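Scroll down for the structure; my scribbles are underneath it.
The values are calculated or read from the model by the stated rules, or taken from the named source; none is laboratory data. Predicted model only: the values in this text are computed from it and were never measured. All Cβ positions, even for glycine, are placed from backbone atoms using ideal geometry, and neighbour counts span all protein chains on display.
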Amino acid sequence: MPFPKTFDAFITANFSHFLESAQIRPNYISFNTLQFIPLDDAHKDVAKYTEKLLPNLAFGHSVRAYYFALAMLHNGFPSGTPGVPQINFKDLQRKLYHACAIHDIGWTTHPDVASHPARTMSFELFGGILAFEHLRTVASYSNGSRNRRHRPKHHGSHHGLSWT
């Protein structure tokens, strides 16, 4: 069973109503299928940034969150609900990827962000600010362009985990 072409862009906050509209069908999807979904340069840049700032276990958690979320999309996330705006798979996958990759970035203790002005805020706010600033730098990826104000440098080793 392939991924639907579109998904509901908005879902109910009521969990019971969500389950009714989700039409969950627990079907097997191979990990190879999930890994086959292509990633562009912006995705890879966010992965490097996250891998740099988070400890190995937290980075692995972010990778697993992404693949788990893809599996959930595959198994019946609401799609095609009349009157509900739709989001295409490619756009949803891009947003999902970034959300999973950086969702715990606020609890980093990496020296590169130790002097950040938002460092003393709660981890949710600090992480949101770090995520916003970084995603803003990769937002200029369009038509193959890499016009960015700054690009974080990755000096760490690869931890044996991969987004691809």
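Side notes on the structure shown:
- For the range 27-73, a tally of residues being among the β-branched types (V, I, T), in contact with a His (Cβ under 7 Å, 6 or more places away or on another chain) and within 27 Å of A114 (Cα to Cα) returns 1.
- Residue in the range 123-137 that is under 22 Å from D40 (Cβ atoms), at pLDDT 90 or above, surrounded by 13 or more Cβ atoms within 10 Å (Cβ to Cβ) and acidic (D, E) present: yes
- Filtering the range 112-121 to residues that are surrounded by 14 or more Cβ atoms within 10 Å (Cβ to Cβ) and not aliphatic (A, V, I, L, M) leaves H116, R119.
- Qualifying positions in the range 1-17 - surrounded by 15 or more Cβ atoms within 10 Å (Cβ to Cβ) and either in contact with an Asp or Glu (Cβ under 6 Å, 6 or more places away or on another chain) or in contact (Cβ under 8 Å) with a residue 12 or more places away in the chain (or both): F3, P4, T6, F7, D8, I11
- The one condition in (1) under 20 Å from D45 (Cβ atoms); (2) under 14 Å from the mean Cα position of the chain (by Cα); (3) not hydroxyl-bearing (S, T, Y) that F89 fails to fulfil: (1)
- Residue selected from the range 1-41 under the condition among the charged types (D, E, K, R) and more than 17 Å from the chain's Cα centre (by Cα), by the criterion nearest to Q86 (Cα to Cα): D8
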